[in-house]
1. Whole-Hz Karplus ³J(HN,Hα) for region 66-79, in order, using 6.51 cos²θ - 1.76 cosθ + 1.60 and θ = phi - 60°, x for Gly and Pro?
2. Taking θ = phi - 60°, what integer Hz values does the Karplus form 6.51 cos²θ - 1.76 cosθ + 1.60 yield along region 58-64, in sequence order, with x for Gly and Pro?
3. With each pseudo-label sitting 7 Å past Cα toward Cβ, what's the MET66-THR37 distance in nm, one decimal?
Amino acid sequence: MDIDGDAVRRRDDSPNLYSSDLETTQINSSAPQTVQTMQQKINRAKKRIQDEQRRRDENVEEYLKMAAVAQRNQLPQVKAVFEKRNTKAATHIAALQRKLERYQQELVVGIRKENWKIRLYD
């Protein structure tokens, strides 16, 4: 989220990964244990991103409620707290997305290297 004056708008640089967007991957039982472990890490990272985005959205709702009832002289402090929380959440989400991309890349490299087969389910 980004603040413009008193308006709040969503940035398009971080995709939302809510439950309908999450892909669940199942590995064939013939695949090595390392692939299954990597897939578990990928699924956990997706869940953590989803949870962090949900918390960020709740923070925005809280900010909007507080800004609506706050006195004029309290608005800068409310805004500063919101921006600090929002920046921290955005940084954490970006780190989780990098970790997810690294896991996915490691999985693809392992699959290509060993010619393992996996099936993707929505």
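What follows draws every value from the coordinates through simple rules; no lab data is involved. All figures in this text were calculated on a predicted structure; none of them were measured in a lab. When we count neighbours, we look across all protein chains shown, and the Cβ atoms used for this are built from the backbone with ideal geometry, even at glycine.
1. 5, 5, 6, 9, 6, 6, 4, 6, 8, 4, x, 5, 4, 5
2. Coupling constants for region 58-64: 5, 4, 5, 4, 4, 4, 4 Hz.
3. 4.2 nm
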